[in-house]
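Please read the structure below before turning to the comments.
We did not get these values from a lab; they are worked out from the coordinates using the rules stated. Worth saying up front: this structure is predicted, and the values here are computed from it rather than measured. Here the Cβ is made from the backbone with ideal geometry for all residues, glycine too, and neighbour counts use every protein chain on show.
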Amino acid sequence: EPIIRLESVCKIYGEFQALSGVDLVISKGEKVIICGPSGSGKSTLIRCINHIERHNRGRIVVNGMELTNNGKDIAAVRRDTGMVFQNFNLFPHLTILDNCCLAPMRVKGIGREKARELAIHFLHRVRIADQAGKYPSQLSGGQQQRAAIARALCMQPRIMLFDEPTSALDPEMVKEVLETMKSLASDGMTMLCVTHEMGFAREVADRIVFMDRGAIVEQSDPATFFSAP
Ligand code: ADP
Ligand code: ADP
């Protein structure tokens, strides 16, 4: 049983068809890189998987739960899918520690002490536990993105979704974030990642999915993908 399954998924913004019949099956533990030109629907695809965006047609099943537009399964899917955005999306008025504690306390009903323990554990995991008491603006971009990864991990999701996690970073910060992601990959986490970092893709991906104009036009293992036609 795959952990993510999309069947003929369509997404329309007004009259613009951002996804036009996407089929995608992802196994537990698989690392899938999504690439393709700007505007091809990559971001829309992963936003539909955790239901930030609602698809208009087709089926999306995540960890055995189908995303219907009225389901309480949506909350469960959000819990199962940690999302990392291009622009970190940390709350500026909360410390890194509190950013990490918030969702587990609110969404999972975990107590403050337990949430703190989890947060410290995952901040260590991404090597910024020493920054826990600071506010996002006091951290470098790379540190903020690692904090955002820790925050997602604190929900103990089964799947991590990354939407261009290094695109907003200065070049010297990209490496530290990719190293963190590689380390998660080697832990066996299921990962779906939109990125232009082809070196990372080659190293980490089980499969590379290439999108164009709202459709998956090619998918293959990195060796095949990068071999010259
Ligand atoms: P990518 O991530 O591949 O750059 P996106 O999924 O962000 O592509 O966008 C796909 C297309 O859908 C683009 O043409 C974009 O302008 C359009 N789009 C994305 N979000 C919206 C929205 N909220 N409203 C209208 N059009 C949108
Ligand atoms: P990305 O491709 O990284 O998602 P975009 O610049 O395409 O970045 O989109 C940023 C935000 O703007 C997203 O929330 C997207 O849904 C929205 N958006 C993108 N294109 C449009 C559009 N044509 N009309 C309205 N919203 C859009």
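Structure notes:
- By DSSP, the beta bridges lying fully in the chain are antiparallel in about 55 percent of cases.
- When segment 1-59 is described by a simple charge dipole with +1 on each Lys and Arg Cβ and -1 on each Asp and Glu Cβ, the residue from Ser8, His51, Gly39 located farthest towards its positive end is His51.
- Along its principal axes, the chain has C-alpha extents of 48, 44, 34 angstrom, given from the largest down.
- Extension gain from Ala168 to His121, taking 0.36 nm per residue of separation minus the Cα-Cα distance: 14.3 nm
- Magnitude of the charge dipole for the chain, about its Cα centre and with charges confined to Cβ atoms of Lys, Arg (+1) and Asp, Glu (-1), is about 740 debye.
- Dipole magnitude for segment 48-97: computed about the Cα centre from +1 point charges on Lys and Arg Cβ and -1 point charges on Asp and Glu Cβ, it is near 100 debye.
- Counted by neighbouring Cβ atoms within 10 Å, the residues His55, His121 run from fewest to most as His121, His55.
- Residue-averaged 222 nm ellipticity for the chain, from DSSP H runs of 4+ at -39500 (n - 2.57), nearest 500: -11000 deg cm²/dmol
- About its Cα centre, the dipole of segment 160-212 is roughly 200 debye, where the only charges are +1 on Lys and Arg Cβ and -1 on Asp and Glu Cβ.
- Neighbours of Ile52, meaning other residues whose beta-carbon lies under 10 angstrom from its beta-carbon, give a summed charge of +1 when Lys and Arg score +1 and Asp and Glu score -1.
- The chain, relative contact order in percent, only Cα pairs under 8 angstrom and at least six apart counted: 28
- The equivalent ellipsoid of segment 135-229 has semi-axes of 25, 15, 13 Å, largest first, where each one is the square root of 5 times an eigenvalue of the Cα gyration tensor.
- For the residue pairs Lys42/Lys108; Lys114/Lys134; Lys11/Lys31; Lys72/Lys182; Lys72/Lys175, the C-alpha atoms sit more than 31 angstrom apart in Lys72/Lys182; Lys72/Lys175.
- Debye log10 I(q)/I(0) at q = 0.19 Å⁻¹ for segment 9-133, Cα point scatterers: -1.15
- Among the trypsin sites (Lys or Arg not before Pro) found in segment 7-83, those both in a DSSP coil and sparsely packed, with 15 or fewer other Cβ atoms within 10 Å of their Cβ, are Lys28, Arg54, Lys72.
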